[in-house]
Amino acid sequence: MKKTLVVLVGLAALLLVAVAYPSGQNLTIRSVAGGDQYCLDASLDHRAAEGDPVYLFKCHGRENQRWVVTHDQNGQSAIIGLDGYCLDVRGAHSKADGTPVQLWSCHYGSNQRFYVAQGGAIKEVTSGKCLMPLGEADRAPVVIDTRLNTPQEFWHFVP
C-alpha cells in the first residue's frame, strides 16, 4: 500500500511538471488571442534559412508549424523549429520592445532561451519580455514586448 502511494505521488508530481512546463516534439504553438486559429509559423513552407522570420499564420499543422520545446535543469527552454533552426530574438543582445523573432542556427545563447510559464506565456530569459504577435492575422510578425497581461502574450501547446 505504501509503495503504491509513493508511486502515485511520484506520477502526480510528473504530471504537474508536464502541465506547468509544456515540452515535447511535434507541437503546434497556438495564439490564445487568435482563438487557437493562428499558429507560430516559419518560412512559408520552404526550407529554412538563418534570419527567416517567424510570424502567425492560420493553423494547418504542416512542418513549418511544428516545434520542439526543450527544458533544462534551470527551467529554460529552447524552441526548435523547421530544419532544426532555433527560435531566436533578432540581434542577440536586443531587449527593445518590438524586436522580432526569427529562425537561426541553434547556439543556445540567451536570445534563444525562453521561460515557458504555466499560463502559456513565453518569456525571453534575459529581458523577461514576452513573445507576442503584432495582430491576429496571417503573417502578423511575432516580437518580444513588455508583459501587459493581455491575451496576445499567451500560447497553447498542442500535440
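Each reported figure results from applying straightforward, stated rules to the coordinates on display, with no laboratory input. What you see is a predicted model; the values in this text were computed from it and never measured. Neighbour counts are summed over all protein chains in view; Cβ atoms, including those assigned to glycine, are modelled from backbone coordinates with ideal geometry.
Three semi-axes describe the equivalent ellipsoid of region 39-148; taken as square roots of 5 times the Cα gyration tensor eigenvalues and ordered largest first, they are 19, 16, 13 Å.
The chymotrypsin sites (Phe, Trp or Tyr not before Pro) of region 48-119 that meet both conditions, a loop assignment by DSSP and at most 13 other Cβ atoms within 10 Å of the site Cβ, are Tyr108. Sparsely packed loop sites in region 78-152 (the trypsin sites (Lys or Arg not before Pro) outside DSSP H, G, I, E and B with at most 16 other Cβ atoms within 10 Å) comprise Arg90, Lys95, Arg139, Arg147. Within region 37-81, the trypsin sites (Lys or Arg not before Pro) that combine a DSSP coil assignment with at most 11 other C-beta atoms in a 10 angstrom radius are Arg47. Each of Gln37 and Gln25 was given a label point 7 Å from its Cα along the Cα-to-Cβ line. The distance between the two points is 3.3 nm. Using a simple spin-label model with pseudo-atoms 7 Å out from Cα toward Cβ, Lys95 and Arg139 lie 3.3 nm apart.
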